[in-house]
1. So which residues in segment 124-149 are part of a strand (DSSP E or B) and either touching a Gly at 6+ places or on another chain (Cβ under 6 Å) or under 18 Å from Val342 (Cβ atoms) (or both), if there are any at all?
2. Is it fair to say Glu218 is acidic (Asp, Glu), assigned to a strand (DSSP E or B) and not assigned by TED's automatic domain parsing to the domain that holds Pro79?
3. How many residues are in a loop (DSSP other than H, G, I, E, B) and among the hydrophobic types (A, V, I, L, M, F, W, C) if we restrict to segment 86-114?
4. Which of the residues that make up segment 172-215 are outside any strand (DSSP E or B) and in contact with a strand residue (DSSP E or B) (Cβ under 7 Å, 6 or more places away or on another chain)?
5. Specify which of the listed residues (Gly44, Gly20) is surrounded by 15 or more Cβ atoms within 10 Å (Cβ to Cβ), farther than 29 Å from Gln327 by Cα and not hydrophobic (A, V, I, L, M, F, W, C).
6. Residues Ala285, Ala291, Ala250: which one is aliphatic (A, V, I, L, M), in contact with a Phe, Trp or Tyr (Cβ under 6 Å, 6 or more places away or on another chain) and modelled with pLDDT of 85 or more?
7. Looking at (1) modelled with pLDDT under 95; (2) over 30 Å from Leu310 (Cβ atoms); (3) part of a loop (DSSP other than H, G, I, E, B), can you tell me which one Ala245 breaks?
8. Which is among the hydroxyl-bearing types (Ser, Thr, Tyr) and either over 29 Å from Ala51 (Cβ atoms) or not assigned by TED's automatic domain parsing to the domain that holds Pro314 (or both), of Ser196, Ser231, Ser258?
Amino acid sequence: MALELDEQRFTPHCDSWLIGFDPGFSQRLGEQGLIGLMLPTEFGGRGLGVAERLVVSEELLAFGAPVAAHWFAERQFAPSILRHGTPDQQREWLPRVTAGQAWIAIGLSEAEAGSDLAAIRTRAEKVDGGWAITGAKLWSSGAHTAHAIVVLARTSGQRHEGLTQFIVRLPNPSVQIRPIPLISGEHHFNEVSFDSTFVPDSDVLGTIGSGWTQAMQELAFERAGPERYLSTLPLLQALLPGLDAGAPSAADLGRCISSITSFRTVNQRVVEHLATGNTAAIDIAMLKSLATSFEQGTVQLALDLVADPLRSTPASRKALALLREAQYQSPGFTIRGGTNEVLRGIISKGLMR
């Protein structure tokens, strides 16, 4: 990482796992064997565990490295392919993931379903040789650059029953991708529409009708991880120079570091759950809910650090740029991957069992 920075191969970002899209960086990571550590060696992985990926992820996020190109592919697509994919799907996709050459988007949320995924209206109808998908997905990060989007669609039944996952390859003439820009003008969210999009049977992910269970397992990997409490760390580190140890905000910064340490402890327990296949543990929802609320609070802390009267030097241009970036991203921290309201409901139900 130090060499990458010294040679100015990337610019650090807050929320770098979402907005830091740099295919070259991802491929260099893949060449070093630092993507897909938990995947079997036959697919280019290291055959290690989720804990090893946690260590590498923490370092990448702390540096603000541009990892968005491969993040979704490694974090949730690869574990799902490994668990539910066919041998052909595994041979096709997993080596591309470990090489940093698979860019994947996720198609779950919909405009009229809100946070209730069981209410999705996107449908897949059986046709000769495959399925025809019609509907639309919202907030699909990186869909405009992705090689494929994993779509949850209804194939039969009601509510949780009859949902299935499909790998829709991109670009596709029957798939329309519309940007959803931030107020800053940046673009990584999208609305993705499907107009009788044909998906061959070979691109069904898992079992027909098991999409709900599979999607919930994927969400466990999405909601866990250091990106839920380290997305603003590059900003806080950039604001340290010039801050007197006795400054009022220095004590707040100390408490912030203490909180990060606590979240790391919880995340280690979450890693143990994921390693054993326990994707329903309430620790996962608890980590995501508490940590993303904490992350929003760090933006206010950053504002206090900038304005602290005991600063010996003003905040650098780099720090101010990161602060603006964090302010734009902050509202989404507690929404993406499941709103805090939904997660608190999951926690409450879990505690009542």
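1. Taking segment 124-149 as the starting set, the residues that turn out to be part of a strand (DSSP E or B) are 124-127, 130-137, 148-149.
Answer for segment 124-149, where residues must be part of a strand (DSSP E or B) and either touching a Gly at 6+ places or on another chain (Cβ under 6 Å) or under 18 Å from Val342 (Cβ atoms) (or both): Lys137, Ile149.
2. Working: acidic (Asp, Glu): yes; assigned to a strand (DSSP E or B): no; not assigned by TED's automatic domain parsing to the domain that holds Pro79: yes.
For Glu218, the condition - acidic (Asp, Glu), assigned to a strand (DSSP E or B) and not assigned by TED's automatic domain parsing to the domain that holds Pro79 - is not met.
3. As a first pass, look at segment 86-114 and keep what is in a loop (DSSP other than H, G, I, E, B): 86, 99-103, 108-114.
Checking the rest, the ones that are also among the hydrophobic types (A, V, I, L, M, F, W, C) come to 99, 102-103, 108, 111, 113.
Selection size over segment 86-114: 6.
4. Applying the first criterion (outside any strand (DSSP E or B)) to segment 172-215 yields 172-174, 181-188, 201-203, 206-209, 211-215.
Passing the criteria: Asn172, Ser174, His187, Asp201, Asp203, Gly206, Ile208, Gly209, Gly211, Trp212, Gln214, Ala215.
5. Answer to the selection: Gly44.
6. Details: Ala285 fails: in contact with a Phe, Trp or Tyr (Cβ under 6 Å, 6 or more places away or on another chain); Ala250 fails: in contact with a Phe, Trp or Tyr (Cβ under 6 Å, 6 or more places away or on another chain).
Only one candidate passes the filter, namely Ala291.
7. Single failed check for Ala245: (2).
8. Working: Ser231 fails: either over 29 Å from Ala51 (Cβ atoms) or not assigned by TED's automatic domain parsing to the domain that holds Pro314 (or both); Ser258 fails: either over 29 Å from Ala51 (Cβ atoms) or not assigned by TED's automatic domain parsing to the domain that holds Pro314 (or both).
After applying the criteria, what remains is Ser196.
The values are calculated or read from the model by the stated rules, or taken from the named source; none is laboratory data. Being a predicted model, the structure only gives us computed values, none of them experimental. Here Cβ is always computed from backbone atoms with ideal geometry, including for glycine, and neighbour counts include all displayed protein chains.
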